[in-house]
């Protein structure tokens, strides 16, 4: 178990570095104001209305806590995104709006990821406890159950990639085609969304690495 904990440190550090890059790109993009003067909430509303989607928009506390709730059909935008007219804010709002489009169009990967949520929530909460209990009890069967639970978390990370990357691509396409961003502003938005996408890539690779490490260090 000690070996696993030691070798699990590098991917955790990599994840922190990726998150810092996102924060830096968002901060830089926040200094660039959109020529349209539209806020993140206004952009989201315009994109939703252009497709006739009956999705509400709510304000939530925090920073980069923005998300689309497919159960309530609600777009929840943090104040730094919903109330700002920066390119970074607009890009994030459009990205989350992209998820609403995926939901409305029945995107395969979006549906798969959504269906996995209840099981993954359970697995993420219990896999470590089951693993520790199995190690202390010297129960290989419980260790295998823990690995299976963590494998579900890994599968969710992998399924998340096409969902997030697809939402970013749709966001950039919609903002360009509807004139929300000028050609000069699009690269700034792309940097913000690319940095955000990298965090999901790092998370997926790290989870795969940890799963393999977990299997190798507990098989004896």
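How many residues, within region 116-131, are surrounded by fewer than 19 Cβ atoms within 10 Å (Cβ to Cβ) and touching a residue at least 40 places away in the same chain (Cβ under 8 Å)?
So the count comes out to 1.
Exactly one of these conditions fails for residue 80: (1) over 16 Å from the mean Cα position of the chain (by Cα); (2) buried (at least 20 other Cβ atoms within 10 Å of the Cβ); (3) under 22 Å from residue 195 (Cα atoms). Give me its number.
The number of the failed condition is (2).
Could you tell me whether any residue of region 136-148 is under 30 Å from residue 45 (Cα atoms) and out of contact with any strand residue (DSSP E or B) (no Cβ under 8 Å at 6 or more places or on another chain)?
no
Has region 200-216 got any residue that is over 18 Å from residue 15 (Cβ atoms) and in a helix (DSSP H, G or I)?
Yes: one or more hits.
Looking only at region 53-66, decide whether some residue is touching a residue at least 40 places away in the same chain (Cβ under 8 Å), farther than 29 Å from residue 211 by Cα and surrounded by 13 or more Cβ atoms within 10 Å (Cβ to Cβ).
Within region 53-66, one or more residues are touching a residue at least 40 places away in the same chain (Cβ under 8 Å), farther than 29 Å from residue 211 by Cα and surrounded by 13 or more Cβ atoms within 10 Å (Cβ to Cβ).
If you go through region 170-179 one residue at a time, how many are touching a helix residue (DSSP H, G or I) at 6+ places or on another chain (Cβ under 8 Å) and either modelled with pLDDT of 95 or more or part of a helix (DSSP H, G or I) (or both)?
6
Tell me whether region 165-177 contains one or more residues that are under 30 Å from residue 215 (Cβ atoms), surrounded by fewer than 21 Cβ atoms within 10 Å (Cβ to Cβ) and free of Cβ contacts under 8 Å to residues at least 60 places away in the same chain.
yes
Residues 155, 159, 167: which one is touching a strand residue (DSSP E or B) at 6+ places or on another chain (Cβ under 9 Å) and modelled with pLDDT of 95 or more?
From the options 155, 159, 167, the qualifying one is 167.
State which residue is surrounded by the most Cβ atoms within 10 Å (Cβ to Cβ) when the search covers only region 189-206 and only residues that are within 21 Å of residue 173 (Cα to Cα) and under 9 Å from the mean Cα position of the chain (by Cα).
196
Can you find a residue in region 29-42 that is within 21 Å of residue 170 (Cα to Cα), touching a strand residue (DSSP E or B) at 6+ places or on another chain (Cβ under 8 Å), at pLDDT 95 or above and surrounded by fewer than 14 Cβ atoms within 10 Å (Cβ to Cβ)?
no
What single numbered condition from (1) in a helix (DSSP H, G or I); (2) touching a residue at least 24 places away in the same chain (Cβ under 8 Å) fails to hold for residue 84?
Status for residue 84: all satisfied but (1).
The values are calculated or read from the model by the stated rules, or taken from the named source; none is laboratory data. Here the structure is a predicted model, which is why all the values come from computation and not from measurement. In this analysis, Cβ positions are derived from the backbone assuming ideal geometry, glycine residues included, and neighbour counts consider all displayed protein chains.
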